[in-house]
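A quick write-up on the structure given underneath.
The values are calculated or read from the model by the stated rules, or taken from the named source; none is laboratory data. Remember, predicted model here, so these are calculated numbers, not experimental data. Cβ atoms come from the backbone with ideal geometry, glycine included; neighbour counts cover every protein chain shown. The protein model used for the area step is the full one, side chains on, heavy atoms only, and it has no ligands, DNA or RNA in it. Shrake-Rupley method; radii C 1.70, N 1.55, O 1.52, S 1.80 Å.
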Amino acid sequence: MAEYGTLTSDELRRKKRIKLAIHISAFAVFQTIVILVFALIVMRVKTPKVRLGTNITEEMKPKKSQASPYFDLSFTTQVGIKNTNFGPYKYDSNIATFMYQGVTIGQVTIPKGKAGLRSTKKVTVTVNVNSNALSSTTVLGIELGAGVLALNGQAKLSGKVELMFVMKKKKSVEMNCSMTIDLSSKAIQSMICE
């Protein structure tokens, strides 16, 4: 028998195995926690956002005659695609529609592109709208007489968020912006995007 304070080789091996098992268990628990945090924070796919920019340069030709009010408006703006994910958002080409009182008065193409991870892609577009498609012009005459024009812009982008070069998740993004244009100062008076 071993004396008090000394250990046999079997007892030493047993203690080493226990110590090794404790280290392996601690490593496994740590890896599980890291994987859970990664899955809950990084791998969660959020829906990107699309907005019209407030920087707008315009050329306007409003006619305010009460008999036949008319407008022909051209403006350049930026469409911002904000991606808050940990992977790029690749989207297809799409058409943004601009409306007055629910009637389509102009369209612009948003070209195919890619918003990088946790960034905003800004696409500059030129929009041409006019009142040719409007049948009733009574409200238009009142608005043009007051020096304001209320427009609505809508678009829907379809694409995929790519995570870790392996996982791809389809996401569709909708834009719905209402804007009021001050015709005298040729500037956006207000813009609300949902």
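The share of accessible area on the chain that comes from carbon and sulfur is 56 percent, using a 1.4 angstrom probe. Computed with a 1.4 Å probe over protein heavy atoms only, the accessible area of M191 comes to about 40 Å².
Given a 10 angstrom Cα cut-off, can you work out which residue in I105, I41, I22 is the most mobile in a GNM of the chain? Of I105, I41, I22, the Gaussian network model singles out I22 as fluctuating most.
Computed per residue of the chain from DSSP H runs no shorter than four, each worth -39500 (n - 2.57), the mean residue ellipticity at 222 nm is -6500 deg cm²/dmol. The H on the amide N of G87, modeled in the peptide plane, is under 5 Å from the matching H of R118, each at least 5 residues off or on a different chain. At what distance in angstrom do the alpha carbon centres of the range 7-40 and the range 99-155 lie from each other? If you average the Cα positions of each part, the centres end up 63 Å apart. For the range 85-98, backbone phi angles converted through the Karplus equation (6.51, -1.76, 1.60; θ = phi - 60°) give residue-by-residue couplings of 8, 8, x, x, 10, 9, 10, 8, 5, 8, 10, 8, 10, 10 Hz, Gly and Pro being listed as x. Looking at the chain, the accessible area is 64 square angstrom per residue; that uses a 1.4 Å probe and ignores ligands, DNA and RNA.
Accessible surface for E11 stands near 80 Å², nearest 10, in the context of the full protein assembly shown (1.4 Å probe). Positive-end ranking of S9, I105, I35 along the dipole of the chain, with charges on Cβ about the Cα centre, is headed by S9.
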